[in-house]
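Readers should treat all values here as calculations from the given coordinates under stated rules, not as data from a laboratory. Predicted, not measured: the structure shown is a model, and the values here were computed from it. FYI the Cβ positions are ideal-geometry reconstructions off the backbone, even for glycines, and counts take in every protein chain you see.
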Amino acid sequence: MDKQNKGPHDISPKPGQPIDEPTGYAYFATCARGVEPLLAQELWDLGVRQIELGLGGVHFYGPLEFLYLANLGARTAIRVLLPLMEFEIYHQDDLYEAVYHYPWEDHMTADHTLAVDCNLRDSIYTHSQYALLRVKDAICDRFRDKTGRRPSIDREKPLIAINLHMNRNQVVVSLDTSWESLHKRGYRPIQPRAPLNEALAAAILLRAGYQGQMPIYDPMCGAATLPIEAAWIATNRAPGLTRKWYAFQGWLNHDIGMFAKVRSELREKIRPKLANPVVGADERSDAVHLSHEAAKLAGVNNLIDFRVEALGQGLPPEGPPGWVVCNPPYGVRLGTASVLRETYKKLGGLVTGPWRGWSLALFTATPELAHETGLKFPQRWSYPNGALRCHLYLFGPHVPNLEGEQQNDPGEDPTAQERNQDQNEMPYDD
Ligand SMILES: C[S@@+](CC[C@H](N)C(=O)[O-])C[C@H]1O[C@@H](n2cnc3c(N)ncnc32)[C@H](O)[C@@H]1O
């Protein structure tokens, strides 16, 4: 460990303020609300230092190596921003003026393609499209005035991507170094029926303390997001290694040599085998077929044991017990209430019956259904899943000891009234 930094939460460079340019920048890696401590720990484990928890993301500061490590290696990150400007606006025109006067030629040329994205919250701009057009115009007008040429727009694969964040009159303009969300790992050729976001699947596993040190069984695996993410964690495979394009690759300050070094070092860390089994099952053979296809693309089809079996049919693999981890239908998108009550009851019966000694990580949007398991969960965590507020219920001998860390949702009664809905607002999330 560094002398200065004793853990991932103990530093305080101001976000957006490079302290030691040109060797260091300030960054903000975004994630779903509630996932921040997991992302901070991931960054720390990757070797990133000077980390500070934020809201909907994690601030960190340092060399470009950290930027590449975060983009390629952080399983729970959504994108990595490099804040360039922070200012306040009191009139709509203030936005254009501030952005126009920023030295964009330090980062791009008139020949770069450009894309701008925007998140607004209680801003004097009420339409994000309008705000991002003003930013795009300011940058393009500056290049036209200085060079006679304007950057063109490419939202698919821009050479420079800009993120505009406005919270009331506070504005942050950042380089979006990822552009396409980092949860898109590239192993999902067809969109399944009710997919779990890959970054959230990784968060579920990491929250359960999973590092590959015990077996995993997902009895309702759908398109196998949880088993694939588990196999990637267990083999130490960085999630970004198969990705073809990051927006930092067009940035003028991109260090191709450092990027290649980080990528090849991450590749060298991949372990070829699992130390413990990862099993994915589903009653639908088409889901298991989809799982095989996704696992092939993820390079782990030979490592995961896929089975077509209904909940309750499967028996534990030989060896020590591990986690039953699953994301059953919630009743919102799939399934009907009475069938689902029975499903959740069976799930509870699994870890008190034939799978006794195993722990259960249950991810669902419906507390009443979690209650049907008949289990008393010592930990419950809340995470947004698209528009839904979902909960991760942990039960059993492998539930991590929190050692002073606060649960983001200490609600013990799964049927308790939902509270603080808007606490889970995601300022930066997709
Ligand atoms: C919400 S989806 C899981 C999505 C999955 N996590 C993914 O990332 O694709 C629920 C899955 O549970 C399966 N399922 C529902 N009831 C089941 C049962 N009784 N036994 C086995 N699988 C079941 C469904 O076929 C469906 O694929």
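Projecting the Cα atoms of Asn385, Gly348, Phe363 onto the charge dipole of the chain, computed from C-beta unit charges around the Cα centre, puts Gly348 farthest toward the positive end.
Counting Lys and Arg as +1 and Asp and Glu as -1, each charge on the Cβ, what is the dipole of the chain about the Cα centre in debye, to the nearest 20?
Rounded to the nearest 20 debye, it is 1080 debye.
The coefficient of translational diffusion for the chain, derived via Stokes-Einstein from the alpha carbon Kirkwood radius under 37 °C and 0.692 mPa s, stands at 144 µm²/s.
If r is the Cβ-Cβ distance from Glu309 to Ser128 and R0 is 51 Å, what FRET efficiency results, to the nearest 0.05? Rounded to the nearest 0.05, the efficiency is 0.65.
Per the Cauchy relation, a quarter of the hull surface: what is the mean projected area of the convex hull of the alpha carbons in the stretch 88-211, in nm²? Over every viewing direction, the Cα hull of the stretch 88-211 projects on average to 10.5 nm². Between Asp45 and Asp154, the simple spin-label model (points 7 angstrom out along Cα→Cβ) gives 3.5 nm.
For the stretch 144-218, the spread of Cα coordinates along the three principal axes comes to 61, 33, 25 Å, biggest extent given first. Label sites at Thr242 and Glu318, each approximated as a point 7 angstrom past Cα along Cα to Cβ, lie 3.1 nm apart. Peptides 374-386, 139-151, 166-178 ranked from most to least packed by the mean count of surrounding Cβ atoms within 10 Å: 166-178, 374-386, 139-151. Considering only Ala275, Gly257, Thr225, and ranking their Cα positions along the charge dipole of the chain that arises from unit charges at the beta-carbon of Lys, Arg, Asp and Glu, the one farthest toward the positive end is Ala275. Its Cα centre serving as origin, the stretch 315-380 has a Cβ charge dipole (Lys and Arg +1, Asp and Glu -1) of approximately 100 debye.
The angle between the Cα long axis of helix 285-298 and the longest principal axis of the Cα atoms of the chain comes to about 50 degrees, rounded to the nearest 10. Spin-label pair Asn169-Ile270: with each label point 7 Å from Cα along the Cα-Cβ axis, the two points sit 5.2 nm from one another. Relative contact order, whole percent, for the stretch 304-377 stands at 39, derived from Cα pairs under 8 Å and 6 or more residues apart.
Projecting the Cα atoms of Gly314, Ser181, Met85 onto the charge dipole of the chain (Cβ charges, centred on the Cα centre) puts Gly314 farthest toward the positive pole.
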